[in-house]
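What follows is a single structure, written as structure tokens, with notes after it.
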Amino acid sequence: MSKDSVSSKQEFIPAQNQPAPNPLEGVDLAELELSLYRPRTLTSILLSSLVTCMTFLALIPLFAVLWMLIWRGGQKLSLSLFTQLPPAPLEQGGGFGNAVIGTLIMVGLAALITIPLGVLTGLFLAEAKESKLAETVRFAAKVLTGFPSILAGVFAYGAVVLATGGFSAVAGAIALSILMLPTIILTSESAIAMVPAKMKEAAIGMGATGAQTAWMVLLPTAMPGILTGIMLAVARAAGETAPLLFTALFSNYWLISSGRADLMQPTASLAVLIYNFSGMPFANQVELAWAAALVLVLIVLIFNLIGQSFSRPQIQQ
Amino acid sequence: MATVTRQDQVRAEVAAWNPAQIWQPPTRAQRWYDGAFRRLCFVFAGFTILLIVWLVAEIAFRAMPAFRQYGLAFLYGTTWDPNKAQYAILPEIWGTLYTSLLALIIGSAFGVAAAIFLSEGYLGEAVFKGLRAFNLHFHPIWGKLPDRLELLLKNLIELLAAVPSVVYGLWGIFVIIPMIRPAANWLHQEFGWIPFFSTTLSGPGILPAVFVLSIMILPTITAISRDALVAVPPKLRMAAYGLGATRWETILGVLLPTASRGIFGGIVLGFGRALGETMALAMLVGNANRLTVSLFSPANTLAALLANNFPEASPRDIPVLMYAALVLLAITLVVNIFGALVLERAAAKAEAK
């Protein structure tokens, strides 16, 4: 037994008198050189430049759009745009004050509906991670993320406009809230799931009930992340046109008449105003559409920036 | 002389506590509230599932009369004539798929390229090299520049998605269409025998719509592909470099195949977004009930059809439009569920490693 193992070990000891095999034998060392004359290196550099060019080409539309907005919209921009009503065809001047208010009211109403629903659903998902219901809800929310915005409008048309008998701000807000819901659910879930487990365990260890833990530990700690999600959802909803086209429709009048707001009547919004005016053959309306687009992009950007400013301290932790 | 420190304050507070008040089990009210709160969360979560069911049911229920009247012929007929009460949506289905596919080809080429550019850190590398030339690469302020610029570039690409689609539509009408019209008409004159160029571009048409649509889906594809590429374990990249592979041999041979599922999922979700996109198409595609492959011809899509006809729909038209909405819903739900499943599998595979 022992003799065998000794002899087998000896086989692996290289004979002293044989030269060691050259590990680089058969390798074309010149092929490894970093030189433009080598096809391998050349391909690599060419593809790198191609990818660089494509990335910057992809950014050109962004700057082109922003430039056009500032150039054509900025010319028209003035304070009176926010205090006047949309002009009739061939009329000069005018503004879109009612559309700014309409957009803000509908987005605000949609946020009021969605925030409690979305944040508490996110809390449920973060707490009941593995349960069957939680997985189904998570999947439903992911599918809703890609839900076409026009179908949210179709749904609100069927469920609210046809049921109440007319176009209204409420119908528009419900259509928008369907689009905001998945963003708020998914961002709140990930924000709450990131709260350190020891904080939650400490609260439970001190005898806090589930509801107390949620309100005093989980939600306050996750608040920056939740607010980011809410702001991103609001920014998206403010720019949406398709769900408002045939739920809130449009209106040439103020939403607030004789001191009270009537939410059950057709309501103007910036996005629908841009759509309507862009198709008109009148120069004044087209200029107003550009100015409205500038205002709309500014509103969307401000909400985006607020959202990102909430998320920044969290990254540094 | 005794200065009151924070510690003394806390000590005083603790001494003032009445143990009987704090160390007590939750009261009945607290327990009831806890149970109610839990049930509320449960109900809200269930509502999300209910919402999807309700969405489908509402649209399907309202579409029933039209479904009974027109049946499946609605899907393959080509006439849309409200005066004769003849409705069919094959041109719209074709237009939806055709514009989305073309936009997907452009959008995913540029989107994946941008994802590679971002995940490889080209910009940071170039800036770092530039700084090193001035010996500033470890400078407390300048040294942060590469990371800052990378983040800025990532945010700029995400900003493409933040611009509302109606603004892209406006831009398309007043900038893109006048810009590409001469080139399109030259192509038609010289190469009119190719089916893609068989008509002139007189105004709105498929090409400007596809162009804007591809810009709109690019950020989705880039964000998801970049996440997939960044999630590739670094040891694979290092092993490839260690074997002497060049950067692009590593990207094409190791990184892209490993991240392929994630990238594919991103492309499928981008396709879903293109199918459902409304405003850019309603403003740029021309709303002509035409079955065509020509890039310069006006056409129509399902979403644009809904956007144009719903606001002034007569009660007789509503079921027909609901039927069209149901078709769009079916197409997008299938694509989105498929994309979400692919991404879920990709994530599970990445975790298993």
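Read the figures in this text as sums done on the coordinates, not as results from a lab. Just so it is clear, the structure is predicted and the values come from calculations on it, not from any experiment. Note: ideal-geometry Cβ built from the backbone for every residue, glycine included; neighbour counts use all protein chains shown.
Restricting the calculation to Cα atoms, every distinct pair contributes to the Kirkwood radius of segment A:29-72, found to be 12.9 Å. Note on chain B: GNM, Cα springs under 10 Å; of B:GLY130, B:GLY286, B:GLY172, the largest mean-square fluctuation is that of B:GLY130.
Could you tell me the number of lysine pairs in chain B with C-alpha atoms less than 22 Å from each other, where the two lysines are 8 or more residues apart or belong to different chains?
Working: B:LYS129/B:LYS144; B:LYS129/B:LYS154; B:LYS144/B:LYS154; B:LYS235/B:LYS349; B:LYS235/B:LYS353.
Number of lysine pairs found: 5.
Of all aspartates and glutamates in the structure, the ones whose alpha carbon falls short of 14 Å from that of A:LYS142, not counting any fewer than 8 places away in one chain, are A:GLU189, B:GLU344. Taking Cα atoms only, the orientation of helix B:145-162 departs from the longest principal axis of chain B by about 50 degrees. Shown is the FRET efficiency for B:LEU291 and A:ALA64, computed with R0 = 41 Å from the Cβ-Cβ distance and rounded to the nearest 0.05: 0.80.
By the beta-carbon count within 10 Å of each Cβ, the least crowded to most crowded order of B:LEU281, B:LEU343, fewest first, is B:LEU343, B:LEU281. Between helix A:169-193 and chain A there is an angle of about 30 degrees, using the helix long axis and the longest principal axis of the Cα atoms.
Here the Gaussian network model covers chain B, with springs between Cα atoms less than 10 Å apart; of B:MET238, B:MET279, B:MET216, B:MET238 fluctuates the most. Taking the Cα centre of each part, how many Å lie between segment B:232-249 and segment B:139-210? Value for the Cα centre distance between the two parts: 35 Å. Contact order for chain A, expressed relative to its length and based on alpha carbon pairs under 8 Å spaced 6+ residues apart, stands at 22 percent. Computed over chain B, relative contact order equals 24 percent, with contacts defined as Cα pairs under 8 Å that lie 6+ residues apart.
Of the Cα atoms belonging to segment B:14-149, the radius of gyration and Dmax stand at 31.5, 88 Å. Rounded to the nearest Å, what's the spacing between the alpha carbon centres of segment A:132-165 and segment B:12-87? Just the number, please. Rounded to whole Å, the Cα centres lie 9 Å apart.
Say R0 is 22 Å: what FRET efficiency, to the nearest 0.05, do B:ASP8 and A:GLU201 get from their beta-carbon distance? Result of the calculation: an efficiency of 0.15. With all pairs of different C-alpha atoms in the average, the Kirkwood value for the hydrodynamic radius of segment B:248-353 is 16.4 Å.
At 222 nm, what value in deg cm²/dmol follows for the protein assembly as shown if DSSP H runs of at least 4 each add -39500 (n - 2.57) and the sum is divided by all its residues, to the nearest 500? Before the final figure, lay out the partial values.
On the way: 28 runs with 453 residues, N = 670.
That calculation yields -22500 deg cm²/dmol at 222 nm.
Estimate the FRET efficiency between A:MET264 and A:LEU104 by the formula 1/(1 + (r/R0)^6), using the beta-carbon distance for r and 25 Å for R0, to the nearest 0.05. According to the calculation, E is roughly 0.90. Label positions at B:PHE174 and A:ALA163, each projected 7 Å from the Cα along the C-beta direction, are separated by 4.0 nm. Once you sort the root eigenvalues of the Cα gyration tensor of the protein assembly as shown as a ≥ b ≥ c, which label holds: rounded (a/c under 1.5), prolate (a/b larger than b/c) or oblate (the other case)? Cα axes put the protein assembly as shown in the oblate bin.
For segment B:143-230, the relative contact order is 37 percent, taking Cα pairs closer than 8 Å that sit 6 or more residues apart in sequence and dividing their mean separation by the residue count.
Determine the shape class of chain B: with a ≥ b ≥ c the square roots of the Cα gyration tensor eigenvalues, call it rounded for a/c under 1.5, and otherwise prolate if a/b is greater than b/c, oblate otherwise. Numbers along the way, then the final one.
Working: a/c = 2.35, a/b = 1.31, b/c = 1.79.
Verdict is oblate for chain B.
Between A:SER131 and B:LYS84, the modelled label-to-label distance comes to 5.8 nm, taking each label 7 Å out from Cα in the direction of the beta carbon. Could you give the nm distance between label points at A:LEU301 and B:ASN18, where each point is 7 Å from its Cα heading toward the beta carbon? So the label points at A:LEU301 and B:ASN18 sit 5.9 nm apart. Maximal additional length on extending the B:TYR76-B:ALA36 stretch stands at 9.2 nm, based on 0.36 nm per residue less the C-alpha distance.
If the convex hull of the alpha-carbon atoms of segment A:135-215 is projected onto planes in all directions, what is the mean projected area in square nanometres? For segment A:135-215, the mean projected area of the Cα convex hull comes to 7.2 nm². Averaging 1/r over every pair of different alpha carbons in chain A and inverting the result gives a Kirkwood radius of 24.5 Å.
Taking chain A as a Gaussian network, Cα atoms linked when under 10 Å apart, which of A:THR209, A:THR164, A:THR83 shows the biggest mean-square fluctuation? Taking springs between Cα atoms under 10 Å, the residue moving most is A:THR209.
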